[in-house]
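Worksheet: the structure to be examined is printed underneath.
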């Protein structure tokens, strides 16, 4: 798992109750990103933007996760260093999806769809993972975990 930031507990080490509570709280905050990101559909695309005045792709991810209480950098390649890898067929709402050699990303919302700030669309939109541009430029996905933040 080269390059991953997640360091899990040793196999023989049992989870303590506070670890489970922390993980459950984090999972709740991560899943909350789905309802949060949908609020911004239609907001204009703005290169370098990370506010309701305008977003670029990683600025949208940073803003939405910040609202959920999770700090992220404003850079798709750096965001890819967070969490653990997720196979495309095991995506869950709230996972981060990455494309075009880490030059684009968004937040998966379920049913093969994700929300992203697209330069070509001019605003925050919902897209499908199987749309041709995204399908051929798929890079990977990450799931943030309580233990997976740098």
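Counting only residues that are in contact (Cβ under 8 Å) with a residue 60 or more places away in the chain and farther than 18 Å from residue 47 by Cα, which one in region 75-91 is surrounded by the fewest Cβ atoms within 10 Å (Cβ to Cβ)? Steps first, answer last, please.
Taking region 75-91 as the starting set, the residues that turn out to be in contact (Cβ under 8 Å) with a residue 60 or more places away in the chain are 79-85.
Checking which are farther than 18 Å from residue 47 by Cα leaves us with 80-85.
Numbers: 80: 21, 81: 16, 82: 23, 83: 21, 84: 17, 85: 14.
The selected residue is 85.
When 97, 64 are screened for being within 15 Å of residue 35 (Cα to Cα), surrounded by 15 or more Cβ atoms within 10 Å (Cβ to Cβ) and in contact with a strand residue (DSSP E or B) (Cβ under 7 Å, 6 or more places away or on another chain), only 64 passes. Could you grab me the full set of residues in region 1-52 that are part of a loop (DSSP other than H, G, I, E, B), surrounded by fewer than 14 Cβ atoms within 10 Å (Cβ to Cβ) and at pLDDT 75 or above? Within region 1-52, 39, 41, 42, 47, 48, 52 meet the criteria.
Could you tell me whether residue 74 is part of a loop (DSSP other than H, G, I, E, B) and either modelled with pLDDT of 90 or more or in contact with a strand residue (DSSP E or B) (Cβ under 8 Å, 6 or more places away or on another chain) (or both)? Explain how you work it out, then say what you get.
On the way: part of a loop (DSSP other than H, G, I, E, B): yes; either modelled with pLDDT of 90 or more or in contact with a strand residue (DSSP E or B) (Cβ under 8 Å, 6 or more places away or on another chain) (or both): yes.
It is true that residue 74 is part of a loop (DSSP other than H, G, I, E, B) and either modelled with pLDDT of 90 or more or in contact with a strand residue (DSSP E or B) (Cβ under 8 Å, 6 or more places away or on another chain) (or both).
Can you pull out the residues in region 126-150 that are touching a residue at least 60 places away in the same chain (Cβ under 8 Å), under 23 Å from residue 49 (Cα atoms) and surrounded by 18 or more Cβ atoms within 10 Å (Cβ to Cβ)? Correct list: 142, 144.
The values are calculated or read from the model by the stated rules, or taken from the named source; none is laboratory data. Since this is a predicted model, take the numbers as computed values, not measurements. Glycine also receives a Cβ, built like all others from the backbone with ideal geometry; neighbour counts cover every protein chain displayed.
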